[in-house]
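First the structure, in the form of structure tokens, and then the observations on it.
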Amino acid sequence: MDTTKTAGGARLLRHLLANPINDSKQLATRLDHISYYASDEMLRPQMTAIDTHKIHAALHAVSDIPKVMALILYKKLMPALFIRLRATLRIFFENTSLLRELTRL
């Protein structure tokens, strides 16, 4: 069931399964998002199948930002942590289609 590409996605999925929505407006919004992504790709011209594969590949390379930040905050100031954080932020800010989809959500 868990086909998420990032640790943050896996945490979000666990949270959503453990805490179901009780508000009908929030549920309707979530169902709208699901139907948008489940609909035929011809119906959403702004995001092609190529973009989808690029987004999946980019997310696969993303580090777990909360974990990296926690390590930095707890004074484990290793250069590798800053390099991973920089690489992850670069993925988000240089990939406009990924940023556009995340902004839409």
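The values are calculated or read from the model by the stated rules, or taken from the named source; none is laboratory data. A quick note: this is a predicted structure, and the numbers were derived from the prediction, not measured. Here the Cβ positions follow ideal geometry from the backbone for every residue, glycine too, while neighbour counts run over all protein chains shown.
When the residues of the range 1-24 are filtered to those that are surrounded by 10 or more Cβ atoms within 10 Å (Cβ to Cβ) and β-branched (Val, Ile, Thr), the one that is modelled with the highest pLDDT is ILE21. Looking only at residues in the range 25-79 that are among the charged types (D, E, K, R) and modelled with pLDDT of 80 or more, the one that is farthest from PHE92 (Cα to Cα) is LYS25.
Scanning the range 57-88 for residues that are in contact (Cβ under 8 Å) with a residue 24 or more places away in the chain, part of a helix (DSSP H, G or I) and surrounded by 12 or more Cβ atoms within 10 Å (Cβ to Cβ) yields a total of 6.
Scanning the range 89-105 for residues that are aromatic (Phe, Trp, Tyr) and crowded, with 16+ Cβ neighbours inside 10 Å turns up nothing. Just so you know, in the range 90-100 the residues that are aliphatic (A, V, I, L, M) and touching a residue at least 24 places away in the same chain (Cβ under 8 Å) include one that is farthest from GLY9 (Cα to Cα), and it is ILE91.
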